[in-house]
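These notes are about the structure you will find just below.
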Amino acid sequence: MEPLIDILLLAFLVIVAVAVIRLRDLFAVVMLFGIYSLVSAALFVALAAPDVAFTEAVVGAGISTVLMLATLVMTSRHERRPAHKPWLPLAMVTVTGAFLVYGTFDIPTFGKADNPVHTHVADRYLQESGEEIGVPNVVTSVLASYRGFDTFGETVVVFTAGMGVLVLLSRGRRRREDEDEEKEAQP
């Protein structure tokens, strides 16, 4: 039954992604992005990764949706049709994608016990993190202790990005208020 749930969630993700690509109404696209994030969070729960699911639900469905809606308030609701066909960007994306796929040929087979990642650090984390850290959840102990500075750095990056978004949103609001005042001042 579990693989069926995973397959259904993945199929729903593909359907939502195709719908996002096809739509021109940006409000509907924002709502579909929120749905996509919630379905992704459900998939992470089904894959036994509740911490990742929680992060996806908060950041993807919550904060990102609010920021995109705030952006829609400052812009148009409908996407403009491009004046020309973007062949060069399509070619660049295709070439980049081909290189990325080619780069995956050297990656070890997924799930094999003798992969390099499973021969050194993973065993130590699994066996000794409970005693060394005192936290029963291995993921929490790795993120909070072993990779604490990395997690702190990621938090600083997210905070800085949030502050940048707030600055950009406040500039747009001020610019609109100035334009409204100029219109009112004209006879």
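The values are calculated or read from the model by the stated rules, or taken from the named source; none is laboratory data. Quick caveat, the model's predicted, so the values are computed rather than measured. Glycine also receives a Cβ, built like all others from the backbone with ideal geometry; neighbour counts cover every protein chain displayed.
I'd like the full set of residues that are assigned to a helix (DSSP H, G or I), surrounded by fewer than 17 Cβ atoms within 10 Å (Cβ to Cβ) and aliphatic (A, V, I, L, M), limited to the range 14-30.
Val14, Ile15, Ala17, Val18, Ala19, Val20, Ile21, Ala28
Among the residues of the range 77-90, what is the count of those that are aliphatic (A, V, I, L, M) and surrounded by fewer than 10 Cβ atoms within 10 Å (Cβ to Cβ)?
Number of matching residues: 2.
When the range 45-56 is examined, which residues are found to be hydrophobic (A, V, I, L, M, F, W, C) and surrounded by 19 or more Cβ atoms within 10 Å (Cβ to Cβ)?
Ala53
I'd like to verify a number: residues in the range 32-55 that are in contact with a Leu (Cβ under 9 Å, 6 or more places away or on another chain) and modelled with pLDDT of 90 or more, how many?
Count: 7.
Pick out the one residue from Gly153, Gly130, Gly164, Gly97 that is surrounded by 10 or more Cβ atoms within 10 Å (Cβ to Cβ), in a helix (DSSP H, G or I) and in contact with a Pro (Cβ under 7 Å, 6 or more places away or on another chain).
Result of the check over Gly153, Gly130, Gly164, Gly97: Gly130.
Report, ordered by the first and then the second residue, all pairs with beta carbons closer than 9 Å, sequence separation of six or more or different chains, a first member in the range 20-45 that is within 22 Å of Glu2 (Cβ to Cβ) and free of Cβ contacts under 8 Å to residues at least 24 places away in the same chain, and a second member that is acidic (Asp, Glu) and surrounded by fewer than 16 Cβ atoms within 10 Å (Cβ to Cβ).
Close Cβ pairs satisfying both conditions: Phe44/Asp51.
State which residue is modelled with the lowest pLDDT when the search covers only the range 1-13 and only residues that are of a type outside the set (A, V, I, L, M) and surrounded by 12 or more Cβ atoms within 10 Å (Cβ to Cβ).
Asp6
Could you grab the pairs with beta carbons closer than 7 Å, sequence gap of 6+ or different chains, first residue in the range 63-86 and closer than 14 Å to Met31 by Cβ, second one outside any helix (DSSP H, G or I)?
Here the result reads Arg77/Asp25, each pair linking the range 63-86 to a residue that is outside any helix (DSSP H, G or I).
Taking the range 127-150 on its own, how many of its residues are within 22 Å of Thr55 (Cβ to Cβ) and either assigned by TED's automatic domain parsing to the domain that holds Pro50 or not β-branched (Val, Ile, Thr) (or both)?
Counting residues in the range 127-150 that are within 22 Å of Thr55 (Cβ to Cβ) and either assigned by TED's automatic domain parsing to the domain that holds Pro50 or not β-branched (Val, Ile, Thr) (or both) gives 12.
Of a type in the set (A, V, I, L, M) and surrounded by 14 or more Cβ atoms within 10 Å (Cβ to Cβ), is that true of Val39?
Yes.
Listed residues Met68, Met74; which is at pLDDT below 90, surrounded by 14 or more Cβ atoms within 10 Å (Cβ to Cβ) and either among the hydroxyl-bearing types (Ser, Thr, Tyr) or not assigned by TED's automatic domain parsing to the domain that holds Leu168 (or both)?
It is Met68.
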